[in-house]
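> Sharing a structure with you now.
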Amino acid sequence: MQLFVFICAAAMILVGAVGVITRSHPVHAALSLILTLFGVAVMYVSQEAQFLAAVQVIVYAGAIVVLFLFVIMLLGVDKAEDLQIEPFKLQRKVAALVGGGVIGLIVFAAVSSRDNIAVARPTQSEFVKDVATTEHNSNIRSLARDLFSDHVLAFELTSVLLVIAVVGTVLLARRAPKSTPETPT
Amino acid sequence: MTAAAVPTTTWYLVLAAVLFGIGTVGVLVRRNPLIMLMCVELMLNAVNLSFVALSHQMGDIGGQTTVFFVMVVAAAEVVVGLGIIVAILRRKPNATADDLAELKG
Amino acid sequence: MLDLVWLIPALPLAGFALILLFGRRLGDPKAGYLATLMCSAAFVVTVGIYFDLLSKPSEERQHVYRLFSWVPVGSLKVDLSFLVDPLSITMCLFVTGVGALIHLYAIGYMHGDPRFSKFFLYLNLFALSMLLLVLGENMLVTFLGWEGVGTCSYLLISFWHERATAATAGKKAFITNRVGDWGFMLAMFFAFQATGTLSYIGINGAASTMAQTTATAIALFAFIGAVGKSAQLPLYLWLPDAMEGPTPVSALIHAATMVTAGVFLMCRISPVLNAASSYAPNLIAIIGVVTALFAATIAVAQNDIKRVLAYSTVSQLGYMFLAVGSGAYTAAIFHMITHAFFKALLFLGSGAVIHNMHHEQDMRRMGALRKLMPVTAATFIVGWLAIAGVPPFAGFWSKDDILLAAYDKSPVLWALGLITALLTAYYMTRQVIMVFYGEARWHDAHEEHGAHGDFEPHESPTIMLIPLVVLAVLSVIGGVINLPFNATTERLTSWLEPVLGVHESDTAKLPFALIAVAIALLGIAASIMIYSKHKAKPVEPEFLAEGWYYDAAVSGFMGGPGRAGFNAIAWFDANIVDGAVNGIAHVVRGTAQRLRTVQSGNVRNYAAAIGVGVVLLLAWFVIVRGSR
């Protein structure tokens, strides 16, 4: 069963990814991205990270891609890009090299450290919560416990980051002062 | 189909690697700034996937916390990035990444 | 009194400074009187110090007076110090004495010149430099003075720099001196390396323990410097051209003082020369006597009144080096002193003639001036007899000492010296006859020049005659300082003995003296026969008049192969040395130009570069680190 889920999700992910990089129309690319994100969400569920799966769908697929689509519509950049021409001769070769190199090396690393991964256990920490014991501690509970005790400072800082990002973007994307600012969010 | 083979962590890592590679190629090859940003999102997702897989394998919730933060920051990044793109493309409609070479030199 | 030795150079320095600041306001003739006053005051101080030294026993006559520490660099410690000993005081005496007389003369000679004050400015600067040279306690102070006199020589020779010949002559003098200076510097380096000090006391003291090759090296390189400064072969060619300068300059610098600096230097380091291997003094003596003969032959055919005297100076300096080479240092100094008297006298006299002939210098256009310039003529005749070596005038005694010492070294040297003496008497007599006797040949010449009304040469003003008379007296009685009859009369020898040693000689003096007198009279007689009585044809071949074409040869070499060599070096410097530096700049620029293209401004190119970097890093971590 797990295998089946894995294969389906993997297929979604890969088809979506290839779609993103090969579709010339930006809207099509955005839709392929949604496919990929959904596939990743499924993967999360199968790894018993249910909260993250939910967040993935809501935030990534629901907000970020929608944001993309907003901008595409707003700016009218829905004209298709001509993928035949490539101004830099070497670029595609380098891209192939880089892509192939990255994939090859990471796969190699993953495969050759298979045994190490199998026996890996986390370092000792006070609030280690074993994900396996899900009856008493659901995923959300353990995630929350970890987030708001060990990483509460980072949490607070990310909230600051979000505010700054919003304010900054509002300023960036403003037209000249007289007209009403158009916020992407 | 046989259910004999259980996907191990390594399979997830390999998948994440492939996704990451595809994202990289996309950034290098595409010229539309929006699509380049989408490919960056692909790369981030690949990383998130590998974090979650290893977190599950090791029984450490810290991996998932990391993914949580990555998502937050990615969101903020997309916001700012799109703001910039809006600001630029308002002046130069239909500009591609190749046209934005002001800092040549 | 000895502590006042610093006053001797300080007074001309003060004169220099005062004329520098107020010269134009003082003008003609006050600036001249100021300069003369300073030089005379220095003479008075020198006389005082002389008597002070005389009062001391002869072992205690060496004093070092230190002004300040000049160059304290590591192991090289050079002070600006003055060495007061018999030799330096002797030199100071005649430098300041004859110098003061010439200053006085120049007031009259340069009267009416628009740059009157500047002339005395340079003269005082020259006096300062010369005094530093002779008073220097170490080679570096001497070198300072050496260069100073060279510079002043340049400034004064080209004083009338509007004349192209004068400017060229000044440059020639300076450059030729420079070639000699190279030798002096090398001598300093060798001396320092061998003894660790530049002080004469140190060097002369170490002379006996020095390796013979070192002593020879020091002596020979110092001699190269002396050859340049004292106009010997092969560096004599600046001196005849230096006659472009005003006559007081010729008298002071090129007769009495600067050109003797070379002889002085060799005498100063005489212990080193004594310790050198025998070919060094041999070389010095040979060059001296050959130069003497060479210059004397040229003087026979010269028609410019000052050129005769210039070549005569070269010749007499050759005698002094002959003496140095023969080990008779005192004889060299003696001849230096008497030569200062009579040569300055001759130059000043010729200057008076030139001045009164309205700057006519060609002897063929003079004649019969004896009655029109009686004092000048009388003093000139005294000078003539002195240089010809007629007793009892001063020149006879000093020249005789030298010839005797030369005979002790080698009869060949003596014979050559004797021939030179013959020629000296001959050409000086020729000069006297052409200028002061015979028929007046200046009437026709002056019509060519454009008559200034009725031209009649007249006697000089008194201010110019006083020095002539004083020098004439000195030329007559000057011999008294070193009469060879017995030890008491050889005053100069005993005075200089602690510094220069004594040249022992067993040869009987009288026969040689008689031979010398006979030769002198023979030369005079021959000249009278040819030039006065016209009994025989004058022998003045072209090649002698052109100085055996030596000057032309040097110019030809320098202009031809020399210039090619210099151009090659300049080309090397411009293309290879500069080229290397510029080449580096070019390479950097080219590289930068090419590297610049990396910054295409294109994000995708940057991304590609980052991607490649990522792959490489990853490869290293996964493969290299992973396998450990």
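> How many of the residues in segment A:107-122 are at the interface with another protein chain (Cβ under 7 Å from one of its Cβ atoms) and either assigned to a loop (DSSP other than H, G, I, E, B) or among the aliphatic types (A, V, I, L, M) (or both)?
Adding up the residues that qualify gives 8.
> Given (1) surrounded by 13 or more Cβ atoms within 10 Å (Cβ to Cβ); (2) at pLDDT below 75, where does C:Ile524 come up short, assuming only one miss?
All conditions are met except number (2).
> With (1) facing chain A (nearest Cβ under 7 Å); (2) out of contact with any Leu (no Cβ under 6 Å at 6 or more places or on another chain); (3) among the aliphatic types (A, V, I, L, M) as the list, and B:Val27 as the residue in question, which single condition is left unmet?
So the condition that B:Val27 fails would be (1).
> Looking at C:Gly183, is it of a type outside the set (A, V, I, L, M) and either under 19 Å from the mean Cα position of the chain (by Cα) or over 30 Å from C:Ile8 (Cβ atoms) (or both)?
The answer is yes for C:Gly183.
> Starting from residues that are acidic (Asp, Glu) and assigned to a loop (DSSP other than H, G, I, E, B), keep the ones in segment C:457-498 and report whichever is nearest to C:Gln361 (Cα to Cα). Spell out the reasoning first.
First, pick out the residues of segment C:457-498 that are acidic (Asp, Glu): C:459, C:490, C:497.
Filter again for assigned to a loop (DSSP other than H, G, I, E, B), leaving C:459, C:490.
On the way: C:Glu459: 16, C:Glu490: 40 Å.
Restricting to residues being acidic (Asp, Glu) and assigned to a loop (DSSP other than H, G, I, E, B), the top hit is C:Glu459.
> Follow-up. Restricting to segment C:4-42, what's the tally of residues that are basic (Lys, Arg) and in contact (Cβ under 8 Å) with a residue 12 or more places away in the chain?
Qualifying residue count for the region: 1.
> Is it true that C:His359 is of a type outside the set (D, E, K, R) and assigned to a helix (DSSP H, G or I)? Step through it out loud before you land on a result.
Numbers: of a type outside the set (D, E, K, R): yes; assigned to a helix (DSSP H, G or I): no.
So C:His359 does not fit the description; no.
> Being under 24 Å from C:Thr420 (Cα atoms) and out of contact with any Pro (no Cβ under 9 Å at 6 or more places or on another chain) narrows it down to one residue among C:Leu465, C:Leu522; which is it?
Exactly one residue qualifies, and that residue is C:Leu522.
> For segment B:5-18, which positions are small (Gly, Ala, Ser) and more than 7 Å from chain A (Cβ to nearest Cβ)?
If the condition is that a residue be small (Gly, Ala, Ser) and more than 7 Å from chain A (Cβ to nearest Cβ), then B:Ala16 is the only one that fits.
> Before we move on, is B:Gly21 within 14 Å of chain C (Cβ to nearest Cβ) and under 22 Å from A:Ala110 (Cβ atoms)?
For B:Gly21, the condition - within 14 Å of chain C (Cβ to nearest Cβ) and under 22 Å from A:Ala110 (Cβ atoms) - is met.
> Going by the conditions given, is A:Ile64 facing chain B (nearest Cβ under 9 Å) and either assigned to a helix (DSSP H, G or I) or modelled with pLDDT under 90 (or both)?
Details: facing chain B (nearest Cβ under 9 Å): yes; either assigned to a helix (DSSP H, G or I) or modelled with pLDDT under 90 (or both): yes.
In short, yes.
> Inside segment A:165-185, can you point out the residues that are surrounded by 12 or more Cβ atoms within 10 Å (Cβ to Cβ), modelled with pLDDT of 85 or more and either in contact with an Asp or Glu (Cβ under 6 Å, 6 or more places away or on another chain) or among the β-branched types (Val, Ile, Thr) (or both)?
Scanning segment A:165-185 gives A:Val166, A:Thr169, A:Val170.
> Let me ask something else. Of everything in segment C:255-312 that's among the charged types (D, E, K, R) and farther than 22 Å from C:Ala222 by Cβ, which residue is surrounded by the fewest Cβ atoms within 10 Å (Cβ to Cβ)?
By that ranking, first place goes to C:Asp304.
> Residues in segment C:208-233 that are surrounded by 23 or more Cβ atoms within 10 Å (Cβ to Cβ) and either of a type outside the set (Ser, Thr, Tyr) or farther than 23 Å from C:Ile286 by Cβ (or both): how many?
12
> Please specify each residue of segment A:7-57 satisfying the condition of being surrounded by fewer than 20 Cβ atoms within 10 Å (Cβ to Cβ), at the interface with chain B (Cβ under 9 Å from one of its Cβ atoms) and among the aromatic types (Phe, Trp, Tyr).
A:Phe51
> Hey, another quick one. Going through C:Phe82, C:Phe94 one at a time, which residue ends up being in contact with an Asp or Glu (Cβ under 7 Å, 6 or more places away or on another chain), touching a residue at least 12 places away in the same chain (Cβ under 8 Å) and either closer than 22 Å to C:Glu497 by Cα or not aromatic (Phe, Trp, Tyr) (or both)? Talk me through it step by step, then tell me what you get.
Working: C:Phe94 fails: in contact with an Asp or Glu (Cβ under 7 Å, 6 or more places away or on another chain).
Exactly one residue qualifies, and that residue is C:Phe82.
> Regarding C:Val539, is this residue closer than 22 Å to C:Gln302 by Cα and not in a helix (DSSP H, G or I)?
Taking the combined requirement at face value, the residue satisfies it.
> Could you check, for segment B:55-78, whether at least one of its residues is among the aromatic types (Phe, Trp, Tyr), away from chain C (no Cβ under 14 Å) and either buried (at least 22 other Cβ atoms within 10 Å of the Cβ) or assigned to a helix (DSSP H, G or I) (or both)?
There is at least one residue in segment B:55-78 that is among the aromatic types (Phe, Trp, Tyr), away from chain C (no Cβ under 14 Å) and either buried (at least 22 other Cβ atoms within 10 Å of the Cβ) or assigned to a helix (DSSP H, G or I) (or both).
> Now, a different point. Just one of the numbered conditions (1) closer than 30 Å to C:Ala440 by Cα; (2) of a type outside the set (Gly, Ala, Ser); (3) more than 26 Å from the chain's Cα centre (by Cα) is not true of C:Pro467; which one?
(3)
> If B:Pro33 passes every condition in (1) within 17 Å of A:Leu31 (Cα to Cα); (2) within 7 Å of chain A (Cβ to nearest Cβ); (3) touching a residue at least 24 places away in the same chain (Cβ under 8 Å); (4) not aliphatic (A, V, I, L, M) but one, which one does it miss?
(2)
> Something else about it: Mind listing just one residue for me: the one in segment B:91-105 that is among the small types (Gly, Ala, Ser) and facing chain C (nearest Cβ under 9 Å) and, of those, nearest to the chain's Cα centre (by Cα)?
B:Ala97
> One residue is enough: does segment C:580-588 have a residue meeting the conditions within 14 Å of chain B (Cβ to nearest Cβ), closer than 30 Å to A:Lys89 by Cβ, loosely packed, with under 12 Cβ neighbours inside 10 Å and without any contact (Cβ under 8 Å) to a residue 40 or more places away in the chain?
No, the conditions are met nowhere in segment C:580-588.
> Just checking, which of C:Val141, C:Val134 is touching a strand residue (DSSP E or B) at 6+ places or on another chain (Cβ under 7 Å) and either touching a residue at least 12 places away in the same chain (Cβ under 8 Å) or not aliphatic (A, V, I, L, M) (or both)?
C:Val141
> Also: If we scan segment A:146-153, do we find a residue that is out of contact with any helix residue (DSSP H, G or I) (no Cβ under 8 Å at 6 or more places or on another chain), free of Cβ contacts under 8 Å to residues at least 24 places away in the same chain and surrounded by 12 or more Cβ atoms within 10 Å (Cβ to Cβ)? Steps first, please.
Start the filter on segment A:146-153 by keeping residues that are out of contact with any helix residue (DSSP H, G or I) (no Cβ under 8 Å at 6 or more places or on another chain), which leaves A:149, A:152-153.
After this cut, where a residue has to be free of Cβ contacts under 8 Å to residues at least 24 places away in the same chain as well, the list is A:149, A:152-153.
Of the ones still in play, those that are also surrounded by 12 or more Cβ atoms within 10 Å (Cβ to Cβ) are none.
For segment A:146-153, residues out of contact with any helix residue (DSSP H, G or I) (no Cβ under 8 Å at 6 or more places or on another chain), free of Cβ contacts under 8 Å to residues at least 24 places away in the same chain and surrounded by 12 or more Cβ atoms within 10 Å (Cβ to Cβ): absent.
> Is it the case that C:Ala231 is hydrophobic (A, V, I, L, M, F, W, C) and farther than 20 Å from C:Trp146 by Cα?
Taking the combined requirement at face value, the residue does not satisfy it.
> Given the condition free of Cβ contacts under 8 Å to residues at least 60 places away in the same chain, outside any loop (DSSP other than H, G, I, E, B), in contact with a helix residue (DSSP H, G or I) (Cβ under 7 Å, 6 or more places away or on another chain) and of a type in the set (A, V, I, L, M, F, W, C), answer yes or no: does some residue in segment C:596-604 qualify?
Within segment C:596-604, one or more residues are free of Cβ contacts under 8 Å to residues at least 60 places away in the same chain, outside any loop (DSSP other than H, G, I, E, B), in contact with a helix residue (DSSP H, G or I) (Cβ under 7 Å, 6 or more places away or on another chain) and of a type in the set (A, V, I, L, M, F, W, C).
> Just to be sure before I move on: is C:Gly27 under 28 Å from C:Tyr105 (Cα atoms) and surrounded by fewer than 19 Cβ atoms within 10 Å (Cβ to Cβ) in the structure I sent?
yes
The values are calculated or read from the model by the stated rules, or taken from the named source; none is laboratory data. None of these values were measured; they are calculated from a predicted model. Cβ sites come from the backbone with ideal geometry, for glycine too, and all protein chains shown count toward neighbours.
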